[in-house]
1. Name the aspartates and glutamates eligible as straight-distance cross-link partners of LYS18: C-alpha to C-alpha under 17 Å, and not fewer than 8 places from it in the same chain.
2. Over the Cα atoms of the stretch 168-213, what Rg and Dmax result, in angstrom?
3. Reported to two decimal places, what Rg/Rh ratio describes the stretch 1-44 when computed on Cα atoms with Rh from the Kirkwood expression?
4. Which whole-Hz couplings ³J(HN,Hα) result when phi for each residue of the stretch 91-98 is put into the Karplus expression 6.51 cos²θ - 1.76 cosθ + 1.60, θ = phi - 60°, listed in order with x for Gly and Pro?
5. Distance in nm between label sites at THR109 and SER28, each 7 Å beyond Cα in the beta-carbon direction?
6. If the viscosity is 0.692 mPa s and the temperature 37 °C, what translational diffusion coefficient in µm²/s does Stokes-Einstein give for the stretch 98-204 when Rh comes from Kirkwood over Cα pairs?
7. For helix 15-26, what angle does its Cα long axis make with the longest principal axis of the chain, in degrees from 0 to 90 and rounded to 10?
8. D for the stretch 1-110, whole µm²/s, Stokes-Einstein with Kirkwood Rh over alpha-carbon pairs at 10 °C and 1.306 mPa s: what number?
Amino acid sequence: MTSTLKKLGIFGAGGHAKVVADTAWRGSEYVPTAFYDDDTARHHQIHYRGLEIRGGFEDLLSDLRQGLMDAAFIAIGNNEIRVVLGERVLDGGFHLATLVDPHAILSPTVILNAGTLVVAGAKINADTRIGSHVIINTSAIVDHDCMIDDGVHVAPNAALCGGVVIGKHTLISVGSILIPGISFPEYSILGAGAVSLNDETNPGVYIGTPSRRITK
């Protein structure tokens, strides 16, 4: 069985990368083979579960080019950096994995794009569309007919009710809630535990219940 799995190189060597690796190991398509990180002081150290930090991002591209890795995954929490590096993998003609934990629950009508991660306990319901380089984190809920743009992070225990639209590169922080049918802007943050009750159009940081914009 193991010989049929695709070798996965994971860029990033923090806690999020450990979650990515565990998600891949629990799945049925990829086997994590090495980590990569641009901190040269960490190269050739063991990061997690016996796997080495083999090199930096350029080393990952080189290993993909040589066929030493079948696919890559960008395990970086920063939304903009994750998107930029993921697009570099795709622009190079390489495969960017999409990872879904077998302990997540997804409707068969959910659409996921390249480089997206769905972590254990997450629930995504009917006719939701999720862009590239998205994180749907531990036990997050994304209900029916939501549209989530590229580079979004829906943090642990956040809840999006039906028909919510999230703009690109936005962070929906831990425990926050968006009521049905509203839109939340790109390049924004909904703070931890905040509740968004209205459509928002201006990018910024929103906190509280109901949420209010405090910075651009």
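1. By straight Cα distance, LYS18 reaches ASP37, ASP38, ASP39, GLU52, ASP101.
2. Using the Cα atoms of the stretch 168-213, the pair Rg, Dmax is 9.0, 23 Å.
3. Values: Rg = 11.3 Å, Rh = 11.1 Å.
Over the Cα atoms of the stretch 1-44, Rg/Rh equals 1.02.
4. 5, x, x, 9, 8, 9, 5, 10
5. So the label points at THR109 and SER28 sit 2.4 nm apart.
6. Details: Rh = 12.9 Å.
After rounding, the answer is 254 µm²/s.
7. 70 degrees
8. Details: Rh = 14.1 Å.
Reported coefficient: 112 µm²/s.
FYI, it's all coordinate maths here, none of it is from the lab. Source: prediction; values computed, not measured. In this analysis, Cβ positions are derived from the backbone assuming ideal geometry, glycine residues included, and neighbour counts consider all displayed protein chains.
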